[in-house]
Amino acid sequence: MNDTDAFRLELPGAGLEVHGLRSGTPGGRPLLFLHGWPEWSQAWQPVLQRLPAGHDLVAPDLRGFGATRPRSGQPDATAGPARHADDLLALADRLGWSSFGLVSHDVGSFVAQEIARRAPQRVTGLYFFNCAYPGIGARWFAPRHLPEVWYPFFHQLPWAAQLVGHSRESCRLYLRHFLQHWSHRQDWIEPALEAWVDNFMQPGALQGGFDWYLSVHETRMAAVEGRVSPAPIARPTRVLWGGCDPVLPAAWTDRLAQYFTDLQVEVLPQAGHFVHLEHPDRAAMDIAAFFDRLAAR
């Protein structure tokens, strides 16, 4: 298994100190891992530890998540995909990476698509778990799906973070709900839960994560209302989607080919939303195989 080390790097142009995990082989093929919500860089640790040698692996805390600052504790509606892409392209520059692969999940999938559209020449390939993409469209707020998507609106309330973070117990109850409800395989949750609570009980951490939902609201509504039609992404793309995900159902893979022109899709039947945490061995094997195939082209 790979050892994972904490890292931090100043991005002076962004006014940001990025924290996260780094492992693998220095000078190896670069892979950048972008987490979702309610996650931070540590959610990638089981996969990072299992990936074979030959890859240089970096999993940052996205702006507002984990230990990445700034974090005022006040709601910030500017932390959308474009700003995260700015941060991550600057991070790749600081790492000396002219090109890199992207592995992403949930929130990170929005950001990966932004990077691929803005700087396609820098992206060797895209690997997604349960990818949020424009083709979901109005299905996101379909009547039968509404019970699954109340939380993006709740997270935009100015007192939401204060309520969830009122006590360690309230934070634990809130996080446990999502981890349990969105997972098919449950055995990873209780051993990891206190680390999740520790992370989100840091000052400003809950609001930092909730800022994503403030920032992406208008973009999401434009997709739901059919007002966006981005050009397809032509970079090699692999999607491994959990077949038992209640919030991003596997049926929503049906329009991926309209948005990714070089695409491989597989549905993993016994997995939910957190494929990389529920099945880290399979996830690591599949990531390595995909990027190894690209390197051999």
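With contacts taken as Cα pairs under 8 Å at a separation of at least 6 residues, the range 159-272 carries a relative contact order of 28 percent. Using θ = phi - 60° in the Karplus curve 6.51 cos²θ - 1.76 cosθ + 1.60, the 3J(HN,Hα) couplings for the range 155-164 round to 5, 8, 6, x, 10, 4, 5, 5, 5, 5 Hz; x is entered for Gly and Pro.
Roughly to the nearest percent, how much of the accessible area of the range 145-248 is carbon and sulfur, given a 1.4 Å probe?
59
Taking all Cα-Cα distances within the chain, those exceeding 23 Å account for 52%. Based on Cα contacts under 8 Å between residues 6+ apart, the chain shows a relative contact order of 21 percent.
Among TYR213, TYR174, TYR127, the largest mean-square fluctuation in a Gaussian network model of the chain (Cα springs under 10 Å) belongs to TYR174. Membrane-span-like helices in the chain, defined purely by DSSP H runs whose alpha carbon atoms cover 24 Å or more axially and whose average Kyte-Doolittle hydropathy reaches 0.0, are 205-224. Accessible area per residue for the chain, computed on protein heavy atoms with a 1.4 Å probe, is 40 Å².
Its convex hull of Cα atoms gives the range 5-65 a direction-averaged projected area, equal to a quarter of the hull surface, of 4.3 nm². Amide H contacts of VAL265: VAL239, each under 5 Å away and 5 or more positions distant or on a separate chain (H built 1.01 Å from N in the peptide plane; Pro and chain starts excluded). Charge dipole (Cα centre; +1 on Lys/Arg Cβ, -1 on Asp/Glu Cβ; no other charges) of the chain amounts to roughly 560 debye. In the chain, the DSSP beta bridges split such that about 35 percent are antiparallel, to the nearest 5.
Full extension of the segment from HIS181 to ALA234, taken as 0.36 nm per residue of separation minus the current Cα-Cα distance, would add 15.7 nm.
Taking 0.36 nm per residue of separation and subtracting the current Cα-Cα distance, fully stretching the chain between HIS217 and ARG255 would add 11.5 nm. Take the Cβ-Cβ distance between SER98 and MET285 as r, set R0 to 22 Å, and report the resulting FRET efficiency rounded to the nearest 0.05. It comes to 0.20.
For the range 228-297, the relative contact order is 35 percent, taking Cα pairs closer than 8 Å that sit 6 or more residues apart in sequence and dividing their mean separation by the residue count.
Using mean Cβ contacts within 10 Å as the protection proxy, how do 250-261, 134-145 order, highest first?
250-261, 134-145
Each peptide in 111-121, 287-297 receives the mean, over its residues, of other Cβ atoms within 10 Å, and ordering these scores from highest gives 111-121, 287-297. Each Lys and Arg adds +1 at its Cβ and each Asp and Glu adds -1 at its Cβ; summed about the Cα centre, the range 33-173 shows a dipole of about 80 debye.
Amide H to amide H distances under 5 Å link PHE7 with GLY20, LEU21, ARG22, where only residues 5 or more positions off or on other chains count and H is placed in the peptide plane. With both labels modelled 7 Å from their Cα along Cα-to-Cβ, the ALA119 to LEU163 distance reads 3.9 nm.
Placing dummy labels 7 Å off each Cα toward the beta-carbon, the span from PHE141 to MET201 is 3.6 nm. Using the average count of surrounding beta-carbon atoms within 10 Å as a protection proxy, the listed peptides 200-206, 175-181, 32-38, 187-193 rank, highest first, as 32-38, 200-206, 175-181, 187-193.
What's the FRET efficiency of ASP292 with ARG227 using the Cβ-Cβ distance as r and R₀ = 41 Å, to the nearest 0.05?
That pair, ASP292 with ARG227, gives E of 0.55.
The values are calculated or read from the model by the stated rules, or taken from the named source; none is laboratory data. Predicted, not measured: the structure shown is a model, and the values here were computed from it. In this analysis, Cβ positions are derived from the backbone assuming ideal geometry, glycine residues included, and neighbour counts consider all displayed protein chains. Surface areas here come from the heavy atoms of the whole protein model, side chains and all, with no ligands, DNA or RNA. Shrake-Rupley method; radii C 1.70, N 1.55, O 1.52, S 1.80 Å.
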